[in-house]
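In what follows, a single structure is set out as structure tokens and then discussed.
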Amino acid sequence: MLDVPSLSGKRAKSVSNGKKELRLAIAGLGTVGAGVVSLLQENADLLAARAGRAIRIVAVSARDRKRDRGVKLEGFTWYDDPVSLATAPGIDVVLELIGGAEGAARALVEASLTQGRDVVTANKALIAIHGAHLSRLAATHGAALLFEASVAGGIPAIKLVREGLAADQMEEIGGILNGTCNYILTKMGDSGEDFSEVLASAQKLGYAEADPSTDVDGWDAAHKLAILAGLAFGQPVSFSSIRVEGIRHVASYDHQFAREMGYRIKLLGMARRLDKSGAIEAWMRPCMVPRHAPIANVNGVFNAVRTQGRFSGPMLIEGRGAGAGPTASAVMADVMDLARGTALPVWGTAPQPERACAPISALSGAYYLRLLVRDKPGVMAGIASALRDEHVSMRAMSQHSFVTHDNDAPLSASAPEPVAPLAIITHQTKESAMKNVVARLSDMHEVLNDPVLMKIES
């Protein structure tokens, strides 16, 4: 095994890596697992030259031995039970590429760390939800736990924060963390199509799963945000305290309003330090971003991670956030660190308890509010009254041409009653005030469907 520093600052092991080969076991031979096998087989000599030692796969585990994965698996010892890789002889590093926060993936990582066996994983849900517990296991048993591939695929986001910016105090971190959502929002903005139409095309192209809930409801990106926040602020974040909102409610006319008002719509995840007490905010939600901002021009399936350090200032890195090649490359970057004898504490510091994020109601900012309203006298007076009573100041307003609506039924071109989409941009205000405005407007007979609220991120 490698000479890995424990999270207490003491050396947990002291075995020189020398020229001895590094022996890997892979659990999970899906897209990423097969990608790792392919990359290592194609670049074995290059990796050995850069790592100073040979790196070899010696064991694998997957559910179906007969499935054709497009790579050669001859010469590997096959284990039907992935958890047995934790104690199998002749293995230095376990690569957990199964996925999921529970089940075999969690059992394998826990068992491997308990045995003092180093682990590399691409499992964002596992680290986001159980990272505090796993970091304690790693520290107690002197094992390394690395997870570069868990965030933004081939973008070296974790290395940037944990290594490149280690000397700086992070003030904020986040960005566009899900390629499926970014593709859908980009296509909606460019084509004028509705969410359901673009989702269907994304599924045909392989950018979205048959069940897209994890992506479009924001959970995949929120897992990545939790990891980035823990690294940036040196302490794991309680995942349940992160506000998570997806993109299903974003309509084609929201993109029209955005263009008119100088914005683009992006699903953003952001974590920020609020004050010197160490309190942070963290949320995942669709936002209006000024169209001239660099992150507004990260389109299609690309991801982007933005950091703001006290000394380093703003920084943006972007690239493909998923796929066999980029993710396999990130997995092997961690393996290379282990081969060279380099491993860092999980969160960059000694193990810390989880911290809860500030409640979303405590935050403030400017907001976009979109309504569908009946064409009746007095509607604007009611809306203005709701804003006034919550001390919310309106900066801009736009109304589109009339559509028709049949009472509270879905929009229909043949329905008799005229209604119109109406958009309002506010000045800086409290989120709690905007929530009260939304609640009041939802109760108005003249307002149809649920009002849509988006934060404006500059």
Any hit, region 143-160, residues being aliphatic (A, V, I, L, M), open to solvent by 20 Å² or more (accessible area, probe 1.4 Å), touching a residue at least 24 places away in the same chain (Cβ under 8 Å) and touching a Leu at 6+ places or on another chain (Cβ under 6 Å): no
Set Asp254, Asp220: member being of a type in the set (Asp, Glu) and either more than 17 Å from the chain's Cα centre (by Cα) or under 19 Å from Asn297 (Cα atoms) (or both): Asp254
Residue satisfying all of: in region 347-374; at pLDDT below 85 and farther than 30 Å from Val392 by Cα; farthest from the chain's Cα centre (by Cα) among these: Ala350
Residue match in region 244-257 (condition: outside any loop (DSSP other than H, G, I, E, B), within 23 Å of Ser432 (Cα to Cα) and among the aromatic types (Phe, Trp, Tyr)): no
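How many residues are open to solvent by 60 Å² or more (accessible area, probe 1.4 Å) and either outside any helix (DSSP H, G or I) or not polar (S, T, N, Q) (or both) when one looks only at region 192-203? Don't jump to the end; show me each part of the working.
Let us first name the residues in region 192-203 that are open to solvent by 60 Å² or more (accessible area, probe 1.4 Å), namely 194, 196-197, 203.
Subsequent filtering for residues that are either outside any helix (DSSP H, G or I) or not polar (S, T, N, Q) (or both) retains 194, 197.
Residues in region 192-203 being open to solvent by 60 Å² or more (accessible area, probe 1.4 Å) and either outside any helix (DSSP H, G or I) or not polar (S, T, N, Q) (or both): 2 in total.
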Residues of region 49-69 satisfying the condition of being farther than 19 Å from Ser84 by Cβ and either basic (Lys, Arg) or open to solvent by less than 70 Å² (accessible area, probe 1.4 Å) (or both): Arg50, Ala51, Gly52, Arg53, Ala54, Ile55, Arg56, Lys66, Arg67, Arg69
Considering residues of region 414-458 that are open to solvent by 50 Å² or more (accessible area, probe 1.4 Å) and part of a helix (DSSP H, G or I) only, the residue nearest to Arg370 (Cα to Cα): Ser442
Long-range neighbours under 9 Å by Cβ, at least six apart or interchain, first residue of a type in the set (Val, Ile, Thr) within region 61-81, second assigned to a loop (DSSP other than H, G, I, E, B): Val71/Leu29; Thr77/Ala88; Thr77/Gly90
Unique residue being in contact with a Cys (Cβ under 9 Å, 6 or more places away or on another chain) and more than 28 Å from Leu369 (Cβ to Cβ) when the list is Ser238, Ser277, Ser201: Ser238
Close pairs from region 320-331: first at positive phi, partner buried (at least 19 other Cβ atoms within 10 Å of the Cβ), Cβ under 7 Å, at least 6 apart: Gly323/Gly153
Restricting region 204-237 to residues that are open to solvent by less than 20 Å² (accessible area, probe 1.4 Å) and part of a loop (DSSP other than H, G, I, E, B), the residue that is nearest to Gly278 (Cα to Cα): Gly234
Selection count where residues are more than 15 Å from Lys455 (Cβ to Cβ), among the aliphatic types (A, V, I, L, M) and out of contact with any Ser or Thr (no Cβ under 8 Å at 6 or more places or on another chain), scope region 229-258: 4
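Given the criteria open to solvent by 10 Å² or more (accessible area, probe 1.4 Å) and under 20 Å from the mean Cα position of the chain (by Cα), does Ile176 qualify? Break it down stepwise before answering.
Values: open to solvent by 10 Å² or more (accessible area, probe 1.4 Å): no; under 20 Å from the mean Cα position of the chain (by Cα): yes.
In short, no.
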Residue among Ala157, Ala167, Ala149 that alone is on the phi < 0 side of the Ramachandran plot, of a type in the set (A, V, I, L, M, F, W, C) and over 17 Å from the mean Cα position of the chain (by Cα): Ala167
Lone qualifier among Tyr183, Tyr253 - being of a type in the set (Phe, Trp, Tyr) and within 22 Å of Glu318 (Cβ to Cβ): Tyr183
Total residues in region 216-234, condition over 10 Å from Met270 (Cα atoms), touching a helix residue (DSSP H, G or I) at 6+ places or on another chain (Cβ under 8 Å) and of a type outside the set (D, E, K, R): 9
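Counting just the residues of region 1-51 that are part of a strand (DSSP E or B) and more than 25 Å from Thr327 (Cβ to Cβ), which one comes out modelled with the lowest pLDDT? So that I can check it myself, show each step before the final result.
Initially, region 1-51 is screened for residues part of a strand (DSSP E or B), giving 5, 11, 22-27.
Now narrow it down to the ones that are more than 25 Å from Thr327 (Cβ to Cβ): 5, 11.
Numbers: Pro5: 39, Arg11: 35.
Taking the candidates together, the pick is Arg11.
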Residue check, Arg320 under 14 Å from the mean Cα position of the chain (by Cα) and modelled with pLDDT of 95 or more: no
Residues satisfying the stated conditions in region 337-388, i.e. more than 22 Å from Gly230 (Cα to Cα) and part of a strand (DSSP E or B): Ser364, Gly365, Ala366, Tyr367, Tyr368, Leu369, Arg370, Leu371, Leu372, Val373, Arg374
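The values are calculated or read from the model by the stated rules, or taken from the named source; none is laboratory data. None of the values given here were measured: they were computed from a predicted structure. Counting neighbours? That spans all protein chains shown, and the Cβs are built from the backbone with ideal geometry, glycine included. These area figures cover heavy atoms from the full protein model, side chains too; ligands, DNA and RNA do not enter into them. Shrake-Rupley method; radii C 1.70, N 1.55, O 1.52, S 1.80 Å.
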